[in-house]
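To keep things clear, I will list the structure first and then write my remarks on it.
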Amino acid sequence: MASIVLRVRLISGDQLDVTYEEAGATDDDVVDRAVAALAGNTGMLRCRHGDRLLVLYARGVAGLEVAPRGAVL
C-alpha cells in the first residue's frame with residue numbers, strides 16, 4: 001500500500017497535514033490520483049489526520065503540497 005503525506009492549505013488560510021493511502025499503486029500514482037480527485041469542484045478524498053478518518057472536499061482546498069519526508073501529524 002502506497003502512502004503519501006499531503007499538506008493541505010484550506011480556503012480559510014488554515015493548513016493541515018493528512019495521510020492518503022491507496023492499495024496497489026506507486027507513490028507517484030497516488031499523488032496523481034489525489035490531485036485528479038480534487039481537480040473538480042465535486043471531488044473528494046478520504047484521508048487520515050492522526051487517528052481520525054476525514055473526507056477532504058475539493059471546494060474547501062486552496063492548495064496541496066506533497067511532503068518529501070513526511071509532515072508532522
Which residues, taken from segment 14-32, are of a type in the set (Val, Ile, Thr) and either surrounded by 14 or more Cβ atoms within 10 Å (Cβ to Cβ) or assigned to a strand (DSSP E or B) (or both)?
-> VAL18, THR19, VAL30, VAL31
Check off (1) assigned to a strand (DSSP E or B); (2) touching a helix residue (DSSP H, G or I) at 6+ places or on another chain (Cβ under 6 Å) for VAL55 and give me the number that stays unchecked.
-> (2)
Close pairs (7 angstrom Cβ cut-off, 6 or more residues apart or separate chains): more than 12 Å from ALA62 (Cα to Cα) in segment 12-28, of a type in the set (Ser, Thr, Tyr) and part of a loop (DSSP other than H, G, I, E, B) anywhere = none
VAL35 vs (1) under 9 Å from the mean Cα position of the chain (by Cα); (2) aliphatic (A, V, I, L, M); (3) assigned to a strand (DSSP E or B): all pass except (3)
State whether one or more residues within segment 42-51 are touching a residue at least 40 places away in the same chain (Cβ under 8 Å) and over 11 Å from VAL66 (Cβ atoms).
-> yes
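Laboratory data are not the source of any read-out in this text; all were calculated from the coordinates shown. Please read these numbers as outputs of a predicted model, since none were measured by experiment. Virtual Cβ from ideal backbone geometry, glycine too; neighbours counted across all protein chains shown.
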